[in-house]
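A short worksheet on the structure shown next.
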Amino acid sequence: MKFSKTFVTALATTTIATSSLFAATAFQNQVGFLTNGQKQMAVIDAAGKDVVFKDKDGKSVLTVKAPEAQAWEPAGDTAASLIDFSELKTAGTYQAYVGDEKVGHPIVVADDALESVTKGSLKFFYFQRASIELEEEYAGIYARAAGHPDTAVKYHESTGHTDLTATFNGSKGWYDAGDYGKYIVNSGISTYTLLQLYQHNKEYFNKLNLNIPESKNDIPDILDEIKWNLDWMLTMQDTDGGVFHKLTTKAFAGTVMPAKATAQRYAIGKAVEATWNFAAVMTLASEIYKPFDEEFAKKCFAAAEQAQHWAAQNKYESYTQPSDVSTGSYTGAVEWATQLWTLIEMYRLTKQDDVLAEIKKWPLSKKKASLQSWQNNYMLGMFSLATNPDIFEKSMVDTATAIIVSTADEYVKSLDNNGYGVALVNKDFNWGSNGTAANKGMVLIHAYILTKEEKYLNAALGIVDYILGRNPMNNSYLTGFGVKSTMNPHHRPSQADGIEAPVPGMLAGGPNTGATDCAKTIAKNNPPAKAYNDNTCSYATNEVAINWNAPFAYVVGSIQAIASTGKSYDVTTKPNAEYTIEIMGIPFAKNNIRKSHVQESGKRLIMRDHKVQVEYTDVNGIKKYFNLRGEQVR
């Protein structure tokens, strides 16, 4: 049987897991370190001792005295000395020693150390494809029959359709998580995140081969993969412009392969959360695909425009889970934040004053900002504002930049006296904590893009290291990668395919202090960073999901791209597409804006003298400046 090179590598990595385990006295990235990047490992019981790094011939090449051990609250009482061995800049394989004892796993240093992880985290989306056979040439031992053609999807009554015998073609798209549903709001942020990954690193991703069926065409593989999902999203737009909330069966399928999950599928719900989300994604897609497929780009923008019209005219149509449906609800998204994100994306391309006027109805504020998620897209809008200084007004760009940088500064601050060097705190260890970690990394990468300060890039790299093994579980949470990686994810194809090793490249949800499934006792009796159960029964800690893989791919892919090209995204890069959009006459009345959305007049966050400050303008127009502690500065 012949396998692709990608899977020979993945399987070889899995084989290492059974033969190369060392005593877990050190926790580290188990895949590899960039030649010129930050390199750190957390070592237990080594304070004051020499940590010696030896090459494959046993020659000592670097000695680092372990600093005082520091507690990291999420790890409980397992304090560690954070060893920095960044001076090790010669490509090769090394081993760390304390005295005569090996600590940790083999250390691989290479210019492309994170490329296999980048490919793997992106190839996951290919494995999640619906409506297509996964052929051995591309899927190796994970080849499978096509599942869910979705060519005869029925309308659930919650869509507003009255002919419930009618069907439509809702084919393609990615399965959302460990189940076989397809959900617009989660698909939207995942797709947008991957589009941003390409947008910010075109030079690198134009050449990256993912070994997918479209690899031989002239379009970058990452865009081919994204288009598989965009094509499905477009089928979810109703004729009036509204977008269906999800496409699922009425109940979750059992633990079977996709081809054996044959229950009737439905379009369920039609609401503003999905519609605004869809519009934002299609707007960015229209720009990115224009150089490759102008007709498709036009189709995306026309769909975005139609969706925007429907959402503006049906602003109170929020999604409610029907009583006869028990698949993922994805309810509770912050509608106004998604609307703001959409309008920012539209203005970025159209530059029309009436769109800008709508944006200004939401004065920007750090109080509104929270880590980006399918529930709240506010930070996505800030990303677009801050990275487009030639398009948006300076005051808006300054405030968005300050929101991003001040948030990133909080993450960097959490690294003080942190023996694991990980920008995570106790409250981060909830459902999908690894997704939370990856999204923090995305904020840090944006802060790096905006400031070019290495501390943000290093903090993001620390998050990658955490996911790949620098954690108290001594576990790489990316299946198929690392010496000891997640083996039993809650993922139906991996559970039902009869293959011991799971599909590679999937990010497990991670430790969850609120687990109520088979991880409940573990979560109750362990510190937050150890509240993890590598068991298929634990959907609360071990399910996989596209909205966790996407930000991880963004972070690790951006770091590898920056290392490979020697440069990061230029914020003065202008969109390569120009569009117009009609929004006149749509009811965007100011009295529809909730009072809590309005920032206190006269105050705003800005970047000044390379620091985040508060600018206060009094009634006479005189400006004063204060630091974040409230102290006035000159």
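The values are calculated or read from the model by the stated rules, or taken from the named source; none is laboratory data. Small disclaimer: the values here were computed from a predicted structure and weren't measured. We place every Cβ from the backbone using ideal geometry, glycine too, and count neighbours over all the protein chains shown. These area figures cover heavy atoms from the full protein model, side chains too; ligands, DNA and RNA do not enter into them. Shrake-Rupley method; radii C 1.70, N 1.55, O 1.52, S 1.80 Å.
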Which residue, of Asp84, Asp111, Asp55, is in contact with a Phe, Trp or Tyr (Cβ under 9 Å, 6 or more places away or on another chain), of a type outside the set (Val, Ile, Thr), modelled with pLDDT of 95 or more and open to solvent by 30 Å² or more (accessible area, probe 1.4 Å)?
Asp55
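Within the range 327-352, can you find the residues that are under 30 Å from Tyr175 (Cβ atoms) and part of a loop (DSSP other than H, G, I, E, B)?
Result: Thr327, Gly328, Ser329, Tyr330, Thr331, Gly332, Ala333, Val334.
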Can you tell me how many residues in the range 249-288 are open to solvent by less than 20 Å² (accessible area, probe 1.4 Å), outside any helix (DSSP H, G or I), in contact with a strand residue (DSSP E or B) (Cβ under 6 Å, 6 or more places away or on another chain) and touching a residue at least 60 places away in the same chain (Cβ under 8 Å)?
4
Residue that is farthest from the chain's Cα centre (by Cα) [pool: residues in the range 309-327 that are open to solvent by less than 60 Å² (accessible area, probe 1.4 Å) and among the polar types (S, T, N, Q)]:
Asn314
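To keep it simple, each residue is scored yes or no on (1) of a type in the set (Val, Ile, Thr); (2) more than 30 Å from Asp45 (Cα to Cα); (3) modelled with pLDDT of 95 or more.
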site: Ile344; (1), (2), (3): yes, yes, yes
site: Asn376; (1), (2), (3): no, yes, yes
site: Gly381; (1), (2), (3): no, yes, yes
site: Thr387; (1), (2), (3): yes, yes, yes
site: Ala400; (1), (2), (3): no, yes, yes
site: Asn430; (1), (2), (3): no, no, yes
site: Ala438; (1), (2), (3): no, no, yes
Out of Thr93, Thr78, I need the residue that is part of a loop (DSSP other than H, G, I, E, B) and either more than 17 Å from Ile467 (Cβ to Cβ) or without any contact (Cβ under 8 Å) to a residue 24 or more places away in the chain (or both). Which one?
Thr78
Give the range 273-308 a look and list any residue that's of a type in the set (A, V, I, L, M) and under 23 Å from the mean Cα position of the chain (by Cα), or say none.
Ala274, Ala279, Ala280, Val281, Met282, Leu284, Ala285, Ile288, Ala304
Could you identify the single residue in Asn206, Asn211, Asn217 that is surrounded by fewer than 24 Cβ atoms within 10 Å (Cβ to Cβ), more than 16 Å from the chain's Cα centre (by Cα), within 15 Å of Tyr126 (Cα to Cα) and of a type outside the set (A, V, I, L, M, F, W, C)?
Asn211
Starting from the range 155-166, keep only residues that are free of Cβ contacts under 8 Å to residues at least 60 places away in the same chain, then list their pairs with residues that are open to solvent by 50 Å² or more (accessible area, probe 1.4 Å) whose Cβ atoms are within a distance under 8 Å, requiring at least 6 positions of separation or different chains.
Leu164/Lys154; Leu164/Glu157; Thr165/Lys154; Ala166/Lys154
Of those in the range 282-297 that are among the aliphatic types (A, V, I, L, M) and in contact with a Cys (Cβ under 6 Å, 6 or more places away or on another chain), the residue nearest to Gln196 (Cα to Cα) is Ala285
How many residues does the range 214-244 hold that are within 25 Å of Val555 (Cα to Cα) and outside any helix (DSSP H, G or I)?
4
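Residue-wise test of (1) in contact with a strand residue (DSSP E or B) (Cβ under 6 Å, 6 or more places away or on another chain); (2) touching a residue at least 24 places away in the same chain (Cβ under 8 Å); (3) polar (S, T, N, Q).
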residue: Tyr180; (1), (2), (3): no, yes, no
residue: Tyr183; (1), (2), (3): yes, yes, no
residue: Ser187; (1), (2), (3): no, yes, yes
residue: Tyr192; (1), (2), (3): no, yes, no
residue: Tyr198; (1), (2), (3): no, yes, no
residue: Lys202; (1), (2), (3): no, no, no
residue: Leu208; (1), (2), (3): no, yes, no
residue: Ile212; (1), (2), (3): no, yes, no
residue: Asp224; (1), (2), (3): no, no, no
Within the range 557-572, restricting attention to residues that are open to solvent by less than 40 Å² (accessible area, probe 1.4 Å) and under 16 Å from Thr387 (Cβ atoms), which residue is modelled with the lowest pLDDT?
Val571
Tell me, yes or no, whether the range 353-373 has at least one residue that is open to solvent by 40 Å² or more (accessible area, probe 1.4 Å), under 25 Å from Ser187 (Cβ atoms) and assigned to a loop (DSSP other than H, G, I, E, B).
yes
Residues of the range 166-213 being among the aliphatic types (A, V, I, L, M) and in a helix (DSSP H, G or I), in sequence order, are Ile184, Val185, Ile189, Leu194, Leu195, Leu197
Could you tell me whether any residue of the range 420-427 is part of a helix (DSSP H, G or I), of a type in the set (A, V, I, L, M) and more than 19 Å from Tyr554 (Cα to Cα)?
no
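Condition check: open to solvent by less than 10 Å² (accessible area, probe 1.4 Å) and either more than 30 Å from Pro258 (Cα to Cα) or in contact with a strand residue (DSSP E or B) (Cβ under 9 Å, 6 or more places away or on another chain) (or both). Does Gly469 satisfy that?
Yes.
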Of the residues in the range 454-490, those that are assigned to a helix (DSSP H, G or I) and within 30 Å of Gly254 (Cα to Cα) number 1
Of the residues that make up the range 61-68, is at least one surrounded by fewer than 17 Cβ atoms within 10 Å (Cβ to Cβ), modelled with pLDDT of 95 or more and under 30 Å from Lys207 (Cβ atoms)?
no
Filter result for Tyr155 (in contact with a helix residue (DSSP H, G or I) (Cβ under 8 Å, 6 or more places away or on another chain), surrounded by 17 or more Cβ atoms within 10 Å (Cβ to Cβ), aromatic (Phe, Trp, Tyr) and within 30 Å of Gly178 (Cβ to Cβ)):
no
Among the residues of the range 201-246, count how many are more than 20 Å from Ala550 (Cα to Cα) and of a type in the set (Lys, Arg).
1
